[in-house]
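Every read-out reported here was derived from the displayed coordinates using simple, explicitly stated rules and does not represent laboratory data. Bear in mind that the values here come from a model prediction, so they are computed numbers and not experimental data. Virtual Cβ from ideal backbone geometry, glycine too; neighbours counted across all protein chains shown.
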Amino acid sequence: MKFASSYEPNQYEADIYAAWETSGAFEPTVPTIPIDNNADGKDDRKGLCYSIVMPPPNANGNLHIGHGLTIALEDSLTRYNRLKGKSTWYIPGADHAGFETWVVYERALEAQGHTRFEFDRDELYARVWDFVAMQRGNMELQLRALGASCSWKDLTFTLDENVIDRVYTTFEKMWNDGLIYRGEKLVNFCPKHQTAFADIEVEHKDEPGTLWEIAYDDIIVSTTRPETLFGDVAIAVNPEDERYRDLIGKHVHLPLTDREIEIIADEHADPAYGTGAVKITPAHDFDDFEVGERHNLPRIQVIAEDGTMINVPEKYLGLTAKECRKQVLKDLKDQGFLKGEKNITHSVAHCYKCGTVLEPTLKEQWFIDVKKLAATAIKHLENNEIKFHPANKQKVLINYLENLKDWNISRQIPWGIAIPMFKKADESATDEPDWIFDRRTNLKTIEKSGVKYVRDEDTFDTWFSSSHWPIVCTDWSEENPTPYYPLNVMETGADILFAWVARMIMVGLYVTDEVPFKEVYLHGLVLDEHGKKMSKSKGNVINPMDLVAKYGSDAFRLGILRGRSAGMNQAFSENSVIAGRNLCNKLWNISRLIQNVIDENTKGSENVLSRGISDNGSLRSEEPRNDGRDEASRERSIPLPYYTNNMGEDWICRELDTCLVQIENDMKTYRFAEAIETLYQTIWDKYADWFLETQKIYRNTPLLKKTLETILIALHPFAPFVTEAIWQNLSWTEGFIITEKWPEKLIYDPISAENFESLITIVSEVRTTLQSLPGTNNAKKYGLLYDNDSLVEDNLLLIKALTKVPEINALNGAPRGLRIALANHELYLDVPEKVVNEYKDALTEKILSVGRELDALNQRMLNPNYVQKAPEHLVKETKDAIKEKEALIDRLKAQLSLI
RNA sequence: GGGGAUUUAGCUCAGCUGGCUAGAGCGUACGAUUCACAUUCGUAAGGUCAUAGGUUCAAGCCCUAUAAUCCCCACCA
């Protein structure tokens, strides 16, 4: 006896995963390396291949609940397509996570009493490399525990040589195309981490602040940053502002200094805000920077990168910006320049990692001119070359690209890909360019044409390298395009639509001339059970690994996918995992029952049980049905021959077919939750509760085998472990379910299947009536009487078993007992007079409720427009329903009059 | 300021192209049960589909407005 009485995931999961991995099942069957193409240059293998890449988790981190969702989604897609016969390539990855890892490392360094400034860049890089190597591997184990069927030998690390190579190639191409420029611009600079960020990495938070009013001679300006006044180069007023029109062009005295600055006219000044006059500090404010550009103003930097004051009167030199503000305010007040002070709320830029207020800082950085890249991306997006789930994100993305500003790709952290640019060290070599591209970033200095060049110390923004992800993972190259590029789908979090998806599209198009993926599926945040964001400080973080350990990997996957749709931030609770666990256990026990039947059948004498007891005497088919699979295609798969003997069997075939079609549609449209819902109901409510119950009487072992295989394979994409565990325990299956074929449709008699629906209605109505009778254990007390009803007569055993009534007899004479509320069947519960009387109220209520339904239907038919305009089949259905309800009411009334 | 969403049972969510009595899981109540499964089986209660108008033979779904909640982008001297 292989099947224990309940499914224990821990006993199977690790072994099963190891067996899959060593069997090679995770690897694509069609070669990933290019082969000779046809003369037309088209790769015929494309349609056979299914490719998807994993958004690389942090190499030295642990997986969180979002990764759990990611893997559940991507692996379900992968497994489904594998079963569908595609050569699937699910490519795993690991992220060096430039800034994230750097922050963790620097913290560790500081804990040991060191600072980054004790080491040079190459030393730091090597140290972080070791640090990551030491911590690495956890997340890969966790991906395995989640069942990710990815091709491990193709794991791509974001610092792999081919990645760096490809990134350098793109950068060189951009440099040659003039898309890269070095500019002194204002950048978001974190004084704590000493690095700049791209706009997208900045976190804006609304905070209380103070708006000070300071007199510059005749004009009063409003500012939140008085300490930057030493960097002021002008005062701007709105050209439309009557109050100041006459002052435009005049010079005023800059307080606390002996400098004079000009009053200029610029739209930037909002007459309604503050005093309507604004001081212009191009070196420390993004808007002012632009004003400065428009008016050709100088930039005076007064706060250094370390946060201390420079280029200011001696009194303030070396103070931190904070100290300086205090001192400036005091001096302004003392000297009568401070005219007002207001409390306001304004949004302040913060470092997304440490929360430090970012300082807009003037810095020379590498930028990508994104105009052309964005325009190309927009063109392809508008051409609908990428299908989005949810669909609205396409518009959101286009909207973003239309307003995209140039992209700062320089980071001042050592942990990352070195920017392959070298600066001329010898000023006297005037004919040589100031900057040259060179791949030899392992060298600090190089020589070219006899001139010495020094390596730029900065590294790339990680989004610049990860925007190559589909290209580098599939090993695409100009010479050898692979059939796995573009990816079939890019699945990732909706929160990185701009940071990542947008950039993959721009870079993908730039490098390959093709969109990097055909579809995008974006998942939302996993919220806690109350719909709140998970965070360490709130203490509501759920660790996916805990749930996997407690309920099994399948239960987690089913639970996290349940009730989830694309792009939405949705709640998650342990309850849904429990529901998933229950389904796994149910399936386990279904299989146990079936295996028992098979075992008994092989032991016992020839086919007595499998043919079953026929009390309808109408075995129709003795010939096994062939399900149409190509017999030569696989060794094991002489398709299981099966046949249907009765209407329950026809019915389950019909229901399974419907279920398969629904799943196929759901997977095409990425409706995972609905696919699971369908499976849940088919397996539990239909297969177990109805079909298997009938099979306790009529045993059809070939069909039991066939149908069990069907549901196992259909559920496999979502619950890979339990379905494989069962597959391995069943006596007749061979090989792995992971590499099975998606089931073909079953063949059945549709009329017979429909008859079973009637039987379900009869059984349900009997059950309802029994429940509503006074007393308990009614099912055991009262028999059932029927009159002139072949459906009942042919299925006495079945109805008896399903309703649990002690006996069923023909009526033979006048109606007696309690009529079951069915229009088309003469069925009575053989209850004593007394009980019938007690049922009177319930019967009256039943008549009334059917009457209300009938009224509604009649109302509809009375409307001439409905009869005229509604589709014919609807009108016919309404007519039929009316007839049926009328008949039912008549019969119930007749019953009532008897009481 | 610009953009995107959400609102359906106690809770979390489905409901596709408008069409039968609006569904599921969990929770609740009542009942059952000796051998596939208490991680079980059966039955039931529970809905103003946010609100107000409109279109339509027909609206949870389409249109208009309103309210509440949430997210993103830009800006806030």
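What the table shows:
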read-out	value
Computed helical MRE - 222 nm, chain A, DSSP H runs ≥ 4 contributing -39500 (n - 2.57), nearest 500	-12500 deg cm²/dmol
Cβ-based net charge around A:Thr459, under 10 Å, with every Lys or Arg adding one and every Asp or Glu removing one	-2
Relative contact order [Cα under 8 Å, 6+ residues apart], chain A, whole percent	12 percent
Nearest-0.05 FRET efficiency for A:Lys448 and A:Lys173, computed from C-beta distance (R0 22 Å)	0.65
Degrees between helix A:720-729 axis and first principal axis of chain A (Cα, 0 to 90, nearest 10)	40 degrees
The range A:435-504: relative contact order as a whole-number percent, Cα under 8 Å and 6+ apart	27 percent
Under 5 Å, built H, 5+ apart or other chain: amide partners of A:Glu491	A:Val53, A:Tyr521
Cα long-axis angle, helix A:393-402 against chain A (0 to 90 degrees, to the nearest 10)	10 degrees
Value of Rg/Rh across the range A:25-177 [Cα atoms, Kirkwood radius]	1.07
Antiparallel content of DSSP bridges confined to chain A, in %, to 5	70 percent
Estimated inter-spin distance, A:Ile899 and A:Phe437, nm [label 7 Å along Cα→Cβ]	9.0 nm
Computed FRET value (nearest 0.05) for A:Arg852 with A:Arg294, which takes r as the C-beta separation and R₀ as 56 Å	0.15
Separation of the A:Asp206 and A:Ser731 label points, Cα + 7 Å toward Cβ, nm	7.0 nm
Computed lengthening from A:Ile578 to A:Glu382, 0.36 nm per intervening residue step minus Cα-Cα distance	66.2 nm
C-alpha long axis of helix A:503-512 to longest principal axis of chain A, angle in °	90 degrees
Placed amide H near A:Lys339: partners under 5 Å, 5+ positions off or other chain	A:Glu213, A:Ile214, A:Ala215
Linear extension gain, A:Asp130 paired with A:Asn837, 0.36 nm per residue minus alpha-carbon span	246.0 nm
Using θ = phi - 60° and Karplus 6.51 cos²θ - 1.76 cosθ + 1.60, couplings along the range A:657-667 (whole Hz; Gly, Pro as x)	4, 4, 4, 4, 4, 5, 4, 4, 5, 4, 6
Under 5 Å, built H, 5+ apart or other chain: amide partners of A:Arg564	A:Ala673
Per-residue ³J(HN,Hα) for the range A:785-796, Karplus 6.51 cos²θ - 1.76 cosθ + 1.60, θ = phi - 60°, Hz, x for Gly and Pro	10, 10, 9, 6, 9, 6, 4, 5, 4, 6, 10, 4
Hz values of 3J(HN,Hα) by residue in the range A:819-832 - Karplus curve (6.51, -1.76, 1.60), Gly and Pro given as x	6, 7, 6, 10, 6, 9, 9, 8, 9, 10, 8, 7, 10, x
Sites A:Ile398 and A:Ala887, calculated FRET efficiency, Cβ-Cβ separation with R0 60 Å, nearest 0.05	0.50
Rg in Å to one decimal, and Dmax rounded to a whole Å, for chain A via C-alpha atoms	37.1, 121
A:Asn162 paired with A:Ser565, simple spin-label distance in nm, labels 7 Å along Cα-to-beta-carbon	3.9 nm
Dipole-positive endmost among A:Ala304, A:Gln11, A:Gly24 within chain A (Cβ charges, Cα centre)	A:Gln11
